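The values are calculated or read from the model by the stated rules, or taken from the named source; none is laboratory data. Please read all numbers here as calculations on a predicted model, not as lab measurements. Backbone-built Cβ (ideal geometry, glycine too); neighbour counts: all protein chains shown. Side chains are part of the model used for accessible areas, which takes the heavy atoms of the whole protein and leaves out ligands, DNA and RNA. Shrake-Rupley method; radii C 1.70, N 1.55, O 1.52, S 1.80 Å.
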Amino acid sequence: MSSAPAAGLNRRRFLHVAAAVAAASAGSSITLISCGEPAPGPEPGPGSRSALPVPATLSAVGATLIPGPGLARIAPGESSAAWLFNDMLPGPTIRARRGEQAQIRLVNQLTEPTIVHWHGLIVPEEADGHPRRAIQAGATLDYRFPVVQRAGTFWYHPHPHSRTAAQIHRGLAGFFIISDEEEDSLGLPRGEREILLLLQDRDGDAGKAFDYAPSDTDLHAGILRNVPFGNGARMPSLNVIGGRYRFRVLNGSQARVYRLGLSNGAPFSVIGNDGGLLPSVAQVDSVFLGVGERVDLLVDFASVKVGSRLMLKSLPFEMATTSTGSFSQGAEMDLLELLRTEGAGGIERPLPATLSNVAPLAAASDRAFLLRSSNQKEVHLINGVSFDMDRIDERIPLGQVERWIFLNDSPLPHPVHLHGTQFQVESRVGGRNTVYPYEGGWKDTVLLMPLEKVTVLVRFDRYRGVFPLHCHNLQHEDLGMMLNVEVT
Ligand code: C2O
Ligand code: CU
Ligand code: CU
């Protein structure tokens, strides 16, 4: 393939690639992890994939988010009625520097109550988007909070009780990116080689893709559909040049667990997860990503042949599970097509052995949480109870370190998420029986596969107040798999 636009590339995409090529400096790139040659795979016909949309950006200082009805553009010439932030999917990416004061106005143009939560951000209770703080249709809310934590990939989404799943499914979700000096010093890829990727599985039919109509099965296992969407586009595709790319991947699905991998089986580097940089680079060939979790990946395409095609996939995996109709967890999916075009990155700086210093926590006491989905279809409980917004379930003193034991006593995955702090994953027994290197550092969501027991070390060290702990399978969450933790 020459540098001329390939069949199926539209003009905008060609210009995008041309600009990236022009911007790249000459010189050979130091391959961090080489992708090697792609395996031959089934080739979708030309034009069957859509260019991965690039979200717009707003500064956290003075942003306005307007959730309201809009049209999601899922493919050239195809759109779906949706609910969107500022008429975009993903909503505008909010960017902040550590130390800034975020000032964000929420204007609710939906016809029902909503509230926005900053997933992974450590903010005071009144700015956290607790479901108790939902605002009515037509109302406005001003959020103000200092950006206190380290650089990382976070996100925002609605959080009204029993309507979170519907509102996210209708198209309401966006990235929240924090940067700081520690991360700057690594010289990570930016601009056109910093890719934000919001993964969602949907019905492939434009008329149904954004409809929220869960079946009984969906209300048990969570909504699983068989067509991958990236940044709102159905079956997305991205042109890459021969250089290092940073992929910030967010699982913003309803229930699906992905197992990310490349179609040629090549290893890649994980540099960060929910809470920012890992202590050191984790080289892996696959990554489990539960709903709400993020990973920050580096992939170098320098040794991939120009004109060839790779796929970021969800690799198949086995799981003891109840029937989920025609769709199941662990299905193989082609998430993002990667087309190698001409062009080279500049000299890539080698990464240091230590990316970030993470001081390990040591727990003084234990606290246990049993997550159970009963075989009565719509019953999902933590410690035997269903969420009551106004009940306090657990109290923990500010500054105290505890070991929280999460036990999944059911045949379904439960991605467990905590507001108000970041924790450290200590152990996993049963199921996959391991803590993966990409689960190091700081996390706000941890995946419990069926029958797994996971321990995490938790400390709230910033704000007193009431913060939710919940399953991030959105059907489970809406059906009450959530507790209130009060930091006293
Ligand atoms: Cu991503 Cu309580 O949520
Ligand atoms: Cu959250
Ligand atoms: Cu769950």
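Among the residues of segment 467-487, how many are within 11 Å of ligand 2 (Cβ to nearest atom) and within 19 Å of the chain's Cα centre (by Cα)?
5
Among residues belonging to segment 457-485 that are away from ligand 1 (no atom under 16 Å from the Cβ) and touching a Phe, Trp or Tyr at 6+ places or on another chain (Cβ under 9 Å), point out the one that is nearest to A255 (Cα to Cα).
Applying the filter and picking the extreme gives L457.
Please specify each residue of segment 83-101 satisfying the condition of being surrounded by 21 or more Cβ atoms within 10 Å (Cβ to Cβ) and among the hydrophobic types (A, V, I, L, M, F, W, C).
W83, L84, F85, L89, I94, A96
Mind checking which residues of segment 360-371 are part of a strand (DSSP E or B) and either open to solvent by less than 30 Å² (accessible area, probe 1.4 Å) or within 16 Å of ligand 1 (Cβ to nearest atom) (or both)?
Within segment 360-371, F369, L371 meet the criteria.
Check S280 against each of (1) touching a strand residue (DSSP E or B) at 6+ places or on another chain (Cβ under 7 Å); (2) surrounded by fewer than 22 Cβ atoms within 10 Å (Cβ to Cβ) and name the one condition it does not meet.
Here S280 meets the rest and fails (1).
In segment 181-212, which residue that is under 30 Å from G99 (Cβ atoms) and among the basic types (K, R) is least open to solvent (accessible area, probe 1.4 Å)?
My answer is R193.
Filter segment 449-488 down to residues that are within 16 Å of ligand 3 (Cβ to nearest atom) and of a type in the set (S, T, N, Q) and give me whichever is surrounded by the most Cβ atoms within 10 Å (Cβ to Cβ).
N473
For segment 113-132, how many residues meet the condition of being open to solvent by 30 Å² or more (accessible area, probe 1.4 Å) and under 19 Å from I94 (Cβ atoms)?
The number of residues fulfilling the criteria is 1.
Filter segment 372-416 down to the residues that are at pLDDT 95 or above, away from ligand 2 (no atom under 16 Å from the Cβ), open to solvent by less than 20 Å² (accessible area, probe 1.4 Å) and within 15 Å of G480 (Cα to Cα) and list them by number.
The answer is H380, and nothing else.
Looking at (1) of a type in the set (D, E, K, R); (2) at pLDDT 95 or above; (3) part of a loop (DSSP other than H, G, I, E, B), can you tell me which one E348 breaks?
Of (1) of a type in the set (D, E, K, R); (2) at pLDDT 95 or above; (3) part of a loop (DSSP other than H, G, I, E, B), only one is false for E348: (2).
Going residue by residue through segment 333-352, is there one that turns out to be free of Cβ contacts under 8 Å to residues at least 12 places away in the same chain and of a type in the set (G, A, S)?
There is no residue in segment 333-352 that is free of Cβ contacts under 8 Å to residues at least 12 places away in the same chain and of a type in the set (G, A, S).
Checking the condition at pLDDT 95 or above, assigned by TED's automatic domain parsing to the domain that holds V147, surrounded by fewer than 18 Cβ atoms within 10 Å (Cβ to Cβ) and among the small types (G, A, S), which residue from S80, S59 passes?
S59
For residues in segment 372-409 being of a type in the set (D, E, K, R) and not in a loop (DSSP other than H, G, I, E, B), which is farthest from R464 (Cα to Cα)?
Here the answer is R372.
Name the strands (runs of 3 or more DSSP E) wholly within segment 140-214 that hold at least 2 residues that are closer than 19 Å to N251 by Cβ?
The qualifying strands (runs of 3 or more DSSP E) are 152-158, 174-179, 194-202.
Could you list all residues from segment 416-447 that are away from ligand 1 (no atom under 16 Å from the Cβ) and assigned to a strand (DSSP E or B)?
Listed by number, the residues that qualify are Q424, V425, E426, S427, R428, V429.
Picking from V446, V429, V435, which residue would you name as being within 28 Å of H169 (Cβ to Cβ) and either touching an Asp or Glu at 6+ places or on another chain (Cβ under 8 Å) or crowded, with 24+ Cβ neighbours inside 10 Å (or both)?
Result: V446 is the single residue among V446, V429, V435 that is within 28 Å of H169 (Cβ to Cβ) and either touching an Asp or Glu at 6+ places or on another chain (Cβ under 8 Å) or crowded, with 24+ Cβ neighbours inside 10 Å (or both).
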